[in-house]
Amino acid sequence: KCRTGPMDIVFVIDSSRSVRPFEFEIMRQFMMDIIGSLDVGPNATRVGVIQYSSQVQNIFSLKTFFTRVDMEKAINSIVPLAQGTMTGLAIQYAMNVAFTTQEGARPLHKKIPRIAIIVTDGRPQDRVTEVATQARNAGIEIYAVGIQRADMNSLRAMASPPLEEHVFLVESFELIQQFGKQFQDKLCGMNMCVGQEHGCQHSCISISSSFYCECHPGYRLNMDGKTCSPIDACADGRHGCQHQCVNTHGSYSCRCRAGYYLNQDKRSCSMIDYCSFGNHSCQHECVSIPSGHYCRCRSGFTLQPDSRSCRATDLCNGVDHGCEFKCVSMEGSYRCVCPEGQQLQADGRACSKCGAGHVDLVMVIDGSKSVRPQNFELVKQFVNRIVDLLEVSPHGTRVGLVQYSSRVRTEFPLNKYHSADEIKKAVMEVEYMEKGTMTGLALKHMVEHSFSELEGARPLSHNVPRIGLVFTDGRSQDDISEWASRAKESGIVMFAVGVGKAVEEELRAIASEPVDQHFSYSADFTTMTHLVENFKLNICPEEGKGETAIRSPCECEALVQFQTNTVAILQSLTEKNILWAPSLAQMTARLEDLEKQIANKK
C-alpha cells in the first residue's frame, strides 16, 4: 500500500480502434491493480477515470466513488469507444474538467498532488505538446505510459520532468501487469516524513519526492509552513450569533447573555420567562426581565415593602387618571382640577394649554443603571405628561429629548417632530441605556448641541425662551458646576428634577434662580407624577395673563368658585391626615355664613 499521503489521480485511457478487446481487458486490470495499492477515501487518495478516442468520456470523477469495490465495478462496465486517438483533447478535458474542485479535486492550496496517468498504444492524431505544457503549469503531474506501438516523442512531449521518472514504454500488453508493480513503486515513492526531521507541529504529509505540513481540525498553518495556530471562527463576523460567539477548536457555538436562552436555530436568543416557573409569589402580576422578575400591582394598588403583596391606595397615584394639572382623590374615585384662572375641558381631564408663550424645551433624562427598567418606563410617562401641557408645532413650542448614562445620546432634536402625538410616540420607543451617571457631560452636550440652531433651536434674536429640564436619580460621577453655570449664562432657564437618591446640592446647582421655583424632588418613582404640577406655571410663564377678565373676589360666582376649590383642597388634605375633621367642618360653616351675608346684602 502507498503510505505517502493523499493524491488526486485521474486515469486517461486510450480506447481507440487500435486497442483490441483483449488488450483493453489488460488495461482494465492495470488500473485496478494500481487502485488496489492506494489508500482510497474522501480524505485519502481520490481516483477518477476518463477514456478517449475521437471524443472524451468521463467514466467517474474524483468525487464519485470512495471505495475500491465501487471503482472496480465502474471500470469493469467501460465500453471502449473504438474510434480515433485524440490524446490532446483528452489532456484538455483532464485539465479543464476532471481536475476542478467541482469534480472533486482538492484546492491547490492544500498541496495535494494532482496526477494524470495517460495510457496509450499509438500516435496522437492531434497536438499534445502545447496542451500538456498548460496542464503541467496548472499543477498536474503527468505520467505517460506507452504500450507496444506508442510514439516515444509524443510520450516525452506529454510527461512531466524528469522524463526518466515519468515516461514508460511497455513492449506489449502482456507485460503491462508486470510493469504495473514497478509503476506502483514510482507512483508511491518513499515516505518523505520518515527518517528525517520534518518539523511539522501537527502532521507531516508525504508526497512525491517531498512533504508538507498539515494542522489538526480547528487550526491553521502559519506562514512558516510548519507551526499551527487555533482558528478564530468568530472573528470574521459571519457566525450569526445574536448575543455572543464562543470559539471551539476551529468551530464556534453561540451563547446568550444572562437571562436569555438559546433558541433551536442555535443562534438567536429569547428572554427567560421567570414568571412561568410558578414560584414568584406575586399577589397580582409578575413581570419577567433579563435579570429575574419583579411584582406589579393592578391599578389602584401599591406594592408593599415585601415586594410581593399589594394594597389599595390613593387612586390618583394608582391609576392612569389622565388629569393634566392635578388629580384629587375621593372615596372610591377621583376628579381632575385645574389651576386658578384655567377651566377644566369637556373631557374632564385637560386644562387650557400653554399657548400664550412658545418655548424651546430640551429634556435631559437619566438612563443610568440605578434607575432600573421598570422605573425608566415611569420616567418616559413623566416626560409625556410634560408634553401634554404644551402646544407643540414648528412655530409654537418645540421639544427635544436627550438621554445620558456613561455617555450621552440625542433621542430626538428640537426640529425632529412637529406634534405632541409624534413626540409621545418617540418617547415611548426610547431604549434604556444603563451604566453610569455623567450629568456634567449631559449638560455640556445640551449646551453645545441641543440648543444649537442646527438641531432646531430658534435664534436668540427671536426671543423664544430656552428651557432645559434635567431629570436624575442619583449623584453625578463627574463635575456639573461648570456646565450648569454655562447653561444659565447662555440664557437657558434650567429646571432640575430629582428622584430617590438624587443629591439636593447638585439639583440646586443646576436650577435657575429663584432656585426653589426651579427644582423639585420626589422620594419614589411611583409618586412623582405630582411634580408635573410644579412645572406648568413656570414653563408657561404667560399662562393666566392677556385677555383673562379680572373679576371682583366678592362677586357671587367668584365666591362659589373659591368655595368649591377650597373645599376640594381641604378634602384632599383631610384624606392625607394633615387636617382634623372638626377643622374642615368649621371652615365649611364659615364659608356658608359668608355666602348668606352676601345674599342678604343683595
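On the basis of the beta-carbon distance and an R0 of 25 Å, M271 and M428 show a calculated FRET efficiency of 0.80. Comparing Cα centroids, region 404-464 and region 478-500 end up 15 angstrom apart. Pairs from the table (K424/K501; K416/K488; K111/K226) lying more than 21 angstrom apart at Cα are K424/K501; K416/K488. Here the gap between R68 and D320, fully extended at 0.36 nm per residue and compared with their Cα-Cα distance, gives a gain of 82.7 nm.
Applying 1/(1 + (r/R0)^6) with R0 = 45 Å to the Cβ-Cβ distance of A82 and Q196 gives a FRET efficiency near 0.35. What's the local net charge at V56, with K and R +1, D and E -1, over the other residues with C-beta under 12 Å away? Net of charged neighbours comes to -2.
Given R0 = 56 Å, the distance between the Cβ atoms of N463 and N279 translates into a calculated FRET efficiency of 0.35. Taking a straight Cα-Cα cut-off under 12 Å and skipping sequence neighbours fewer than 8 places away in the same chain, the aspartates and glutamates within cross-link reach of K435 are D366.
Roughly speaking, what is the stretch gain from K501 to H418, that is 0.36 nm per residue apart minus the C-alpha to C-alpha distance, in nm to one decimal? Answer, rounded to one decimal: 26.4 nm.
Positive-end ranking of T45, I59, F22 along the dipole of region 11-63, with charges on Cβ about the Cα centre, is headed by I59.
When the Cα positions of M363, P514, L454 are compared along the charge dipole of region 360-538, L454 comes out farthest toward the positive end, with charges on each C-beta of Lys, Arg, Asp and Glu. Which shape class, rounded, prolate or oblate, goes with region 348-485 when its Cα gyration tensor gives a ≥ b ≥ c as root eigenvalues, a/c under 1.5 marks rounded, and past that a/b bigger than b/c marks prolate? It is oblate, given that a/c is not under 1.5 and a/b is not larger than b/c.
Within the shell of other residues whose beta carbon sits under 14 angstrom from the beta carbon of V503, the net charge comes to -4, with Lys and Arg scored +1 and Asp and Glu -1. A simple spin-label model places pseudo-atoms 7 Å from Cα toward Cβ; at R28 and S452 they are separated by 8.5 nm.
Modelled label positions at A523 and T100, each set 7 Å beyond Cα in the direction of Cβ, lie 8.1 nm from each other. Summarising the strand pairing of region 360-538, around 15 percent of its internal DSSP beta bridges are antiparallel. In region 7-188, the DSSP beta bridges split such that about 15 percent are antiparallel, to the nearest 5. Classify region 7-188 from the C-alpha gyration tensor, please: rounded if a/c falls under 1.5, else prolate or oblate depending on whether a/b exceeds b/c. Because its axes are fairly even, with a/c under 1.5, region 7-188 counts as rounded. Excluding residues on the same chain fewer than 8 positions from K110, give the aspartates and glutamates whose Cα lies under 19 Å from its Cα. Once the sequence-local aspartates and glutamates are set aside, what remains near K110 is D8, D39, E141, E214, D224. The GluC sites (Glu not before Pro) found in region 422-517 that occupy coil by DSSP, while having at most 11 further C-beta atoms within 10 Å, are E429, E431. Annotation: extensible slack from Y260 through S406 equals 50.1 nm (criterion: 0.36 nm per residue apart, minus Cα-Cα distance). Peptide packing for 216-224, 268-276, 91-99 was compared via the average number of neighbouring C-beta atoms within 10 Å per residue; ordered from the highest value, the list is 91-99, 268-276, 216-224.
Every number in this text was worked out from the coordinates using simple rules, so none of it is lab data. Treat the numbers as computed from the prediction; the structure is a model and nothing was measured. Cβ: placed from backbone, ideal geometry, glycine included. Neighbour counts: every protein chain shown.
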